[in-house]
Amino acid sequence: MTSDEPSNESRPPRQQAARGFWSEAWQRFRSRKLSMAALGFVLFLVLVATFAPAIAGTKPVICRYKGTIYVPCLAYFDRTFEPVIFAKDRFRGTYPANLAEKDPESWAIWPLVFQDPYRSVRDNEWPGEPANPARDQGTPSRRNLFGTDQYGVDVFAKMVHGTTVALLVGFVSMGLAGTIGITIGATAGYFGGWVDMLASRLIEVVMCIPTLVLILALVAFVDKPSIWKTMAIIGLTGWTGIARLARAEFLRLRSSEFVMAARAAGAGPLRIMLRHILPNALAPVLVPITFGIASAILIESSLSFLGFGPPPPSVSWGSLLNDARSNLQMWWLVVFPGVAIFLTVLSYNLVGEGLQEATDPRLREARK
Amino acid sequence: MVSYLIRRMALAVVTLLMITGIVYGLARSMPGTPLTIAMGESDPSRKLNPADIERMKKAYGLDKPWYSAYFVWAGNVVRGDLGRSISRKQPVATLIGERIGPTLALSGSALLLTWLVSIPLGLYASARSGAVDERVVSFGLYVLYSFPTFVAALFLQIIFAVWLRDTAWELPLFGMRGDGITDETSWFASTADMARHAVLPVICQSYVSLAWYSRFIHANMQEVVRQDYIRTAKAKGAGPWRVLVHHGFRNTLIPLVTLLGLSLPALLGGSVIIEQIFTWPGMGRLFFESIRERDYPTIMGLTFMFSVLTLAGQLVADMLYAWVDPRVSVE
């Protein structure tokens, strides 16, 4: 019996291979212009954070010094990346004059904006340019695009370098919250019974404690505050919504036919949960995670704003706003970081909504 | 019904014990004690000598490990005693009583404003669903919903207290009372003064929930207008306004009423950030200060109050839901 083609002529002609769930969801997501613009903005922030030292800084992106090529700007990511030779030759962080003086043969490619996020640029540090204005004199200008703060530090450089924190806070804390939430929710939903009872109580307890109360208590509890600890705390407190949704999804799916089939085939509970249920439960759980990123960024900036943020060397948008509180006449300290936080939160909310509409079949039905 | 209530209450007591236990443990593990923080930080010369510290520790029960001190605290709460604040030398109940008025004034007006604006706005959006103006309004609400409160507060402060200074539009930067207001000032003048101080905080506290409620009403209405009874109402000749409000909106009231229960803790708990920015002497600020001062009795008193309100709010929401919607039963 070789019935290759003629046997099923009644079947409608095949147009293309059936698309998977995610590719179909992506198709629908793409048709929402606002969500796509928001996704574009998030990608733009990723680019800014990655290339922050090349956008604003006082260290050369690439330079040739005494016959060797160096990348001093990497020091902005981690201080230990600063090539030892510059410390030995007593550069003390000032590159332009020292490079020319100590090796006339040297050349360097400089960042787009010669400003430092950690200190004020001194007079004539860049040949022919005056020092940054300090106190309330630093209105936005050609040299200081977003103005300077009360110590003369460039706000644009601070914001470019603070992008890393804003992005990391969202991803790290929600990565942690997602892991905890899915684990607890999945266990509760799949096993049910007293496990569910215990987990549900735990979720309820953590939900009942007001978030900011819990976070403030935890922040005070931490000895040496750092941005990583803040992220961990936001993650440790923000998993309840995810857990509730994961629990509901696992509860619904555990009695479905494909799970029964997997069990009949001899799959263990861990395998069923990870390989069979999780992929089907992922879409509804991803939505609160995306919204969670937005709220994590909000929480981090409000913590920094209240003065509970990471200590000075690390820059975050919220701490710029905290500086603005006592200098309200310096409007640029409010407007630029404020708009940046707002746009980032808005973007994640729009991406989350797009994701929800693209993956939830009930909403799609409702639109018709 | 009664058995359901009893079961919920019993669960609530267990939850309450867990919450207060966790917060008590956390509070006691924070570095520093109320004695060292309050006296030592402001003025080193006022640092207590070790013998005095020991004596005061004993008086406040700080010499016991946190778990046994917790049971002493819980026993006192059962007897109706929230303890005395260490840094303010006043009973915690008195402190809460002082602060609850300003918070209620702030969040009560914010809640009222939210409902007064969001219901017409949500109905308007539903009536014009799909039209250009509805899309603009909806997007505006979405933007408002994503706008961080503390950024908005700073913007408003810059506009009304710095740029509009010495004009008729100037509004106070912070505080609840102006300098010239004393006990002798007439009731009308002092209320007007407080209202002027409350404008900015009330706006900040209401705009996010306003946007959220409007979107909520709009989304629910979209669901409702597809129901058969709406088609029936239209078919029998009811006008568009009557269909929208009488047949449609009354059915979206069901989820809305339950939201009222869930807003109970926010109503009395206040907002830490807004009260902090505008130095409004309310509950949120009291909580923030008590954490800074490591004032365990106040932290615990407020946590206890927040949790009771949250649990009560959830219970009220469930009961209201069963009450307004005959299809739902609490069993």
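The values are calculated or read from the model by the stated rules, or taken from the named source; none is laboratory data. Keep in mind it's a predicted model, so treat the numbers as computed, not measured. Every residue, glycine among them, receives a Cβ derived from its backbone with ideal geometry; neighbour counts consider all protein chains shown. Just the protein is used for accessible areas: all its heavy atoms, side chains included, with ligands, DNA and RNA removed. Shrake-Rupley method; radii C 1.70, N 1.55, O 1.52, S 1.80 Å.
Mind checking whether some residue in segment A:116-136 is open to solvent by 30 Å² or more (accessible area, probe 1.4 Å), within 27 Å of A:Leu343 (Cα to Cα) and not assigned by TED's automatic domain parsing to the domain that holds A:Cys73? Give the steps one after another, and end with the answer.
Taking segment A:116-136 first, the residues open to solvent by 30 Å² or more (accessible area, probe 1.4 Å) are A:118-120, A:122-124, A:126-131, A:133-136.
If we keep only those that are within 27 Å of A:Leu343 (Cα to Cα) too, we end up with A:118-119, A:136.
Next, from what is left, pick out any that are not assigned by TED's automatic domain parsing to the domain that holds A:Cys73: A:136.
Yes, because at least one residue in segment A:116-136 is open to solvent by 30 Å² or more (accessible area, probe 1.4 Å), within 27 Å of A:Leu343 (Cα to Cα) and not assigned by TED's automatic domain parsing to the domain that holds A:Cys73.
Name every residue in segment B:137-160 that is hydrophobic (A, V, I, L, M, F, W, C) and within 19 Å of B:Asn220 (Cα to Cα), in order of residue number.
B:Val137, B:Phe139, B:Leu141
Which one is most open to solvent (accessible area, probe 1.4 Å), of the residues in segment A:173-199 that are within 18 Å of A:Leu282 (Cα to Cα) and among the aliphatic types (A, V, I, L, M)?
A:Leu176
Over 17 Å from the mean Cα position of the chain (by Cα), at the interface with chain B (Cβ under 9 Å from one of its Cβ atoms) and of a type in the set (A, V, I, L, M, F, W, C): which single residue out of A:Ala294, A:Ala324 fits that description? Don't jump to the end; show me each part of the working.
Values: A:Ala294 fails: over 17 Å from the mean Cα position of the chain (by Cα).
Criteria check complete, one pass: A:Ala324.
Among the residues of segment B:66-81, write down those that are closer than 17 Å to B:Pro34 by Cβ and either of a type in the set (Ser, Thr, Tyr) or open to solvent by 40 Å² or more (accessible area, probe 1.4 Å) (or both).
Within segment B:66-81, the first condition is being closer than 17 Å to B:Pro34 by Cβ, and the residues that meet it are B:66, B:69-70, B:72-73.
Result: B:Trp66, B:Tyr70, B:Val72.
Just to verify a result, which residue in segment A:173-211, among those that are within 28 Å of B:Arg292 (Cβ to Cβ) and in contact (Cβ under 8 Å) with a residue 40 or more places away in the chain, is nearest to the other protein chains (Cβ to nearest Cβ)? Before you say what the answer is, go through the steps one by one.
So in segment A:173-211, the residues within 28 Å of B:Arg292 (Cβ to Cβ) come out as A:173, A:176-177, A:205-211.
Of the ones still in play, those that are also in contact (Cβ under 8 Å) with a residue 40 or more places away in the chain are A:173, A:176-177, A:211.
On the way: A:Ser173: 17, A:Leu176: 19, A:Ala177: 18, A:Thr211: 10 Å.
Ranking the candidates gives A:Thr211 first.
In this structure, does A:Leu343 turn out to be open to solvent by 20 Å² or more (accessible area, probe 1.4 Å) and within 18 Å of A:Gly175 (Cβ to Cβ)? Reasoning before the result, please.
Working: open to solvent by 20 Å² or more (accessible area, probe 1.4 Å): yes; within 18 Å of A:Gly175 (Cβ to Cβ): no.
In short, no.
Quick one: is B:Leu262 in contact with a Gly (Cβ under 8 Å, 6 or more places away or on another chain) and hydrophobic (A, V, I, L, M, F, W, C)?
Values: in contact with a Gly (Cβ under 8 Å, 6 or more places away or on another chain): yes; hydrophobic (A, V, I, L, M, F, W, C): yes.
So B:Leu262 fits the description; yes.
Just give me the residues in segment A:213-240 being within 14 Å of chain B (Cβ to nearest Cβ) and open to solvent by less than 40 Å² (accessible area, probe 1.4 Å), in sequence order.
We begin by selecting, within segment A:213-240, every residue within 14 Å of chain B (Cβ to nearest Cβ); these are A:213-225, A:229, A:233, A:236-237, A:240.
Result: A:Val213, A:Leu214, A:Ile215, A:Leu216, A:Ala217, A:Leu218, A:Val219, A:Ala220, A:Val222, A:Ile233, A:Thr237, A:Thr240.
Are any of the residues in segment B:164-183 open to solvent by 40 Å² or more (accessible area, probe 1.4 Å) and of a type in the set (Gly, Ala, Ser)?
Among the residues of segment B:164-183, at least one is open to solvent by 40 Å² or more (accessible area, probe 1.4 Å) and of a type in the set (Gly, Ala, Ser), which makes the answer yes.
Quick one: A:Pro311 ticks every box in (1) more than 30 Å from A:Met159 (Cβ to Cβ); (2) open to solvent by 30 Å² or more (accessible area, probe 1.4 Å); (3) more than 14 Å from every other protein chain (Cβ to nearest Cβ) bar one, so which box is it?
Of the numbered conditions (1) more than 30 Å from A:Met159 (Cβ to Cβ); (2) open to solvent by 30 Å² or more (accessible area, probe 1.4 Å); (3) more than 14 Å from every other protein chain (Cβ to nearest Cβ), the odd one out for A:Pro311 is (1).
Can you run down the residue pairs with Cβ atoms below 6 Å, 6 or more apart or on separate chains, where the first is in segment A:139-154 and small (Gly, Ala, Ser) and the partner is in a loop (DSSP other than H, G, I, E, B) and surrounded by 23 or more Cβ atoms within 10 Å (Cβ to Cβ)?
A:Gly147/A:Gly138; A:Gly152/A:Asn132
For A:Val113, are the conditions met, namely being touching a Gly at 6+ places or on another chain (Cβ under 9 Å) and of a type in the set (A, V, I, L, M, F, W, C)? Explain how you work it out, then say what you get.
Values: touching a Gly at 6+ places or on another chain (Cβ under 9 Å): yes; of a type in the set (A, V, I, L, M, F, W, C): yes.
Against the criterion (touching a Gly at 6+ places or on another chain (Cβ under 9 Å) and of a type in the set (A, V, I, L, M, F, W, C)), A:Val113 qualifies.
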